[in-house]
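The values are calculated or read from the model by the stated rules, or taken from the named source; none is laboratory data. Bear in mind that the values here come from a model prediction, so they are computed numbers and not experimental data. Every residue, glycine among them, receives a Cβ derived from its backbone with ideal geometry; neighbour counts consider all protein chains shown.
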Amino acid sequence: MRILSINDLKKDKSFVQGIRWDVTPKIFMNPSSAPRSESGKLIDITYGYMLYVDIVQEKPVLMIMLLKRMMSQNIGYIIDIPEDALSDAMNCKGTDCIGGMYPISGKLEEWLKKQLAVS
């Protein structure tokens, strides 16, 4: 797994465009219970990148998972994220945190979108 920086990632337009802001660990682990899209379809979890917070070497980090049809995989983690934003994400409600995977929170999502110039 690669250690990445936010500055490296913001240069990768395909990564930035591929971030799935709508996919959380809860949706990834149980897609059939996920809220449906406006058209009534299940959220497709077979493409793009899911971001979530996890613990690596006893520190919270932002993980990047490449979503695939057959077998999704973690491809790296971002180390230069403000600790308060990561800690905030780890204070999620019990049912939203699954298997040690914490969804990105409002504070973390806001910071990421600002850094990546995404609206």
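Scanning region 39-69 for residues that are part of a loop (DSSP other than H, G, I, E, B) and under 21 Å from residue 14 (Cβ atoms) returns 43, 44, 45, 46, 47, 48, 67, 68, 69.
Please pick out the residue among 77, 47 that is surrounded by 18 or more Cβ atoms within 10 Å (Cβ to Cβ), aromatic (Phe, Trp, Tyr) and either farther than 22 Å from residue 119 by Cβ or touching a residue at least 24 places away in the same chain (Cβ under 8 Å) (or both). Outline the logic, then answer.
On the way: 47 fails: surrounded by 18 or more Cβ atoms within 10 Å (Cβ to Cβ).
Sole residue among the options that is surrounded by 18 or more Cβ atoms within 10 Å (Cβ to Cβ), aromatic (Phe, Trp, Tyr) and either farther than 22 Å from residue 119 by Cβ or touching a residue at least 24 places away in the same chain (Cβ under 8 Å) (or both): 77.
Within region 88-108, restricting attention to residues that are buried (at least 19 other Cβ atoms within 10 Å of the Cβ) and either among the hydroxyl-bearing types (Ser, Thr, Tyr) or modelled with pLDDT under 90 (or both), the residue that is farthest from residue 49 (Cα to Cα) is 92. Residues that are closer than 22 Å to residue 8 by Cα and outside any helix (DSSP H, G or I) within region 75-102 comprise 75, 76, 77, 78, 79, 80, 81, 82, listed in sequence order. Among the conditions (1) under 24 Å from residue 117 (Cα atoms); (2) free of Cβ contacts under 8 Å to residues at least 24 places away in the same chain; (3) in a helix (DSSP H, G or I), residue 32 misses just one, which is (1).
If only residues of region 59-70 that are more than 17 Å from residue 26 (Cα to Cα) and of a type in the set (A, V, I, L, M) are counted, the one that is modelled with the highest pLDDT is 61.
So which residues in region 2-27 are in contact with a Phe, Trp or Tyr (Cβ under 9 Å, 6 or more places away or on another chain) and either at positive phi or of a type in the set (Lys, Arg) (or both)? Correct list: 2, 20.
Note on region 13-26: residues that are surrounded by 13 or more Cβ atoms within 10 Å (Cβ to Cβ) and either under 16 Å from residue 89 (Cα atoms) or not β-branched (Val, Ile, Thr) (or both) total 9.
What about residue 84, is it exposed (fewer than 15 other Cβ atoms within 10 Å of the Cβ) and either over 12 Å from the mean Cα position of the chain (by Cα) or not aliphatic (A, V, I, L, M) (or both)?
Details: exposed (fewer than 15 other Cβ atoms within 10 Å of the Cβ): yes; either over 12 Å from the mean Cα position of the chain (by Cα) or not aliphatic (A, V, I, L, M) (or both): yes.
Answer is yes for this residue.
Restricting attention to region 16-29, the residues being free of Cβ contacts under 8 Å to residues at least 40 places away in the same chain and not acidic (Asp, Glu) number 3.
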